[in-house]
Amino acid sequence: MSTKTRLEGVKFQGVVTIVFAFLLLPVIIVVLTSFTTQTFPTIPREDFSFEWYVRLLQDEKLLRALTVSFIVATGSAILSAIIGTIAAIGFVRSTFPYKQQISTVMLLPMIISPVITGIALVRYFGKIQLPSGYPALIMGHTILSLPYVFLLVRSELLTFDEDLERASRVLGADPATTFRHVTGPIVSPAILAGGFIAFVVSFGEFTATQFLISPDTSTVPVVIYTMLRTGLTPTINALSVILITVMVVVALSSRRLAS
Amino acid sequence: MSVERPTLGQVTHIVGDRLQGRISNHHLALLGVSFVGFFLILPIIFLIPESLNLGSSTPFESYRRAMDSIYVDAFVRSFIFGLATTAVTLSLAYLLAYYLTFAARRVRIVMTLIIVPLWIAYVIRYFGILLFLSPAGPFANLTGIDPGLLFTSPAVILGLANVYLPFAVLPLYNSLNAINKELIDASRVLGADKWWTIIKIIFPLSLPGLVAAGLIVFILAAGSFLGPAVLGGPQQAMIANVIAKAFLENFNIQFASALAIIYTILLVGFLIAFNTVFDIQEVLGDI
């Protein structure tokens, strides 16, 4: 008899179902109420409509925010994937004193409250004259998503068989060829997966972002937050559903790539 | 006489050989750490001069003001809400992680269900909770029940627990999953019932995961801005909200910087204290 059957019970299943409902219902309710015909987010019964999506597509401000979010997320994902991978290779493949302790530094962007990161960065970017708008947003999001890429690529690299590289070298390939034909192809899915996760982190970031935007570079989460403060309309739902779709699709692809 | 020009392949080989000699893996690690140093640690250190009123007779004015009771209250509230959220989140996460380890039949699908919310923007998830708690919202409409929780402390704590739940499940699942299943079988064979096995074998062995999950949830919850901003009222303002308000609404950069520095020092102090009891490296290794 396996442990699986020994430790479960009907009551336990019930409680677990409730916890799952607690976890997932907020997202489900946002999606469901986006199809309402009313002017307030309500769950549609028979009157199912895409009215709010149509309105969304006609609203230039919202489309602009979507474009900004895409540009910022793509830019920061590329930077974050490169820097995170470099750091992960460095930490996995070398030994030096206090390596473990020092690697915690890579996780700081996750630990520090994003409000503090936000105000520290906006003041700092002012000092080093990095323009607000895209440059500030992309740099800010790169630093915020870095820990996720670092952790993901590091865990993939830890399972990498370095004998393959040695074999390639022994068989006469130089380091560049070895990287191009052996290391690269094996590690690149992890790097891509890291980039996708960075994209998702950037796409949803609000707290630090509110300090970094310029008037014409509001991102979607900032627009959603502003709309939440002024009154609930189903437009927020429609916009949220688009965001959810993009995030889930990108993150699922990342999960697929990273074994 | 013609000089033979190297092909692109040869060039990359030459560059590769040179790089191999000059750039070691140490340098790569250093590059990563410097990036965080230059774009996070240094910016935070630069908040120190911003927080001081240099040149005046009262350079520590902002720090004195931060001792006013409303700001001390915000710090205390962050701590208490952080603890309460950690308690709620850990109990729910333990249930899910336990289910995932010992009862779930399709682990990968269940795991994906738990992780999916993690990918979705916090602001959207808080919006969903807001819809649930809103007295005119779809839930109240459908059931006729108004939970009466919106803009109260329980609403904020429930919201934070909801949002950070997946973060807690992962380390817990890792440590539960690492338990040697034969230990559990042995305990059962030797006559211990289900609960005794959980108390004596499973729970003690899952403590590292519990500590890791607790640390990450506490840090995230105590520093949260969106939770109290969307689900709470003025009475629920946490430290992140107070800092953001000082900066964005009152344009008081000096005061916002002072609060940010105090908060960072408290956080570092907390981590050092935590480190004396548990090994933070080991704990973070679980994440």
Restrict the check to region A:164-181 and report whether at least one residue is touching a residue at least 24 places away in the same chain (Cβ under 8 Å) and either within 10 Å of another protein chain (Cβ to nearest Cβ) or not hydrophobic (A, V, I, L, M, F, W, C) (or both). no
Output yes when any residue across region A:213-220 is away from chain B (no Cβ under 12 Å), touching a helix residue (DSSP H, G or I) at 6+ places or on another chain (Cβ under 6 Å) and surrounded by fewer than 24 Cβ atoms within 10 Å (Cβ to Cβ), and no when none is. yes
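From the list A:Pro97, A:Pro109, which one is out of contact with any strand residue (DSSP E or B) (no Cβ under 9 Å at 6 or more places or on another chain) and in a loop (DSSP other than H, G, I, E, B)?
From the options A:Pro97, A:Pro109, the qualifying one is A:Pro97.
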Of B:Ala222, B:Ala213, B:Ala229, B:Ala256, the only residue that is hydrophobic (A, V, I, L, M, F, W, C), touching a Ser or Thr at 6+ places or on another chain (Cβ under 8 Å) and at the interface with another protein chain (Cβ under 9 Å from one of its Cβ atoms) is B:Ala222
Would you check which residues across region A:228-240 are surrounded by fewer than 24 Cβ atoms within 10 Å (Cβ to Cβ) and at the interface with chain B (Cβ under 9 Å from one of its Cβ atoms) and list them? A:Leu228, A:Arg229, A:Leu232
Does any residue in region B:188-217 that is over 30 Å from B:Gly269 (Cβ atoms) come within less than 6 Å, Cβ to Cβ, of a residue that is polar (S, T, N, Q) and modelled with pLDDT under 85 six or more places away or on a different chain, and which pairs are these? none
Search result, residues across region A:127-141 that are within 8 Å of another protein chain (Cβ to nearest Cβ) and touching a residue at least 12 places away in the same chain (Cβ under 8 Å): A:Met139
Tally, over region B:75-122, of residues that are more than 17 Å from A:Val15 (Cα to Cα), within 8 Å of chain A (Cβ to nearest Cβ) and not β-branched (Val, Ile, Thr): 4
Single match in B:Val268, B:Val217, B:Val242 (criterion: at pLDDT below 95 and among the aliphatic types (A, V, I, L, M)): B:Val268
Note on A:Ala73: of the conditions (1) modelled with pLDDT of 90 or more; (2) surrounded by fewer than 16 Cβ atoms within 10 Å (Cβ to Cβ), unmet is (2)
Only residues that are β-branched (Val, Ile, Thr) and more than 27 Å from B:His27 (Cα to Cα): list them for region A:77-134, please. A:Val115, A:Ile116, A:Ile119, A:Val122
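The values are calculated or read from the model by the stated rules, or taken from the named source; none is laboratory data. Note that this is a predicted model, so its numbers are computed, not measured. Cβ coordinates were reconstructed from backbone atoms using ideal geometry, including for glycine residues, and neighbour counts include every protein chain displayed.
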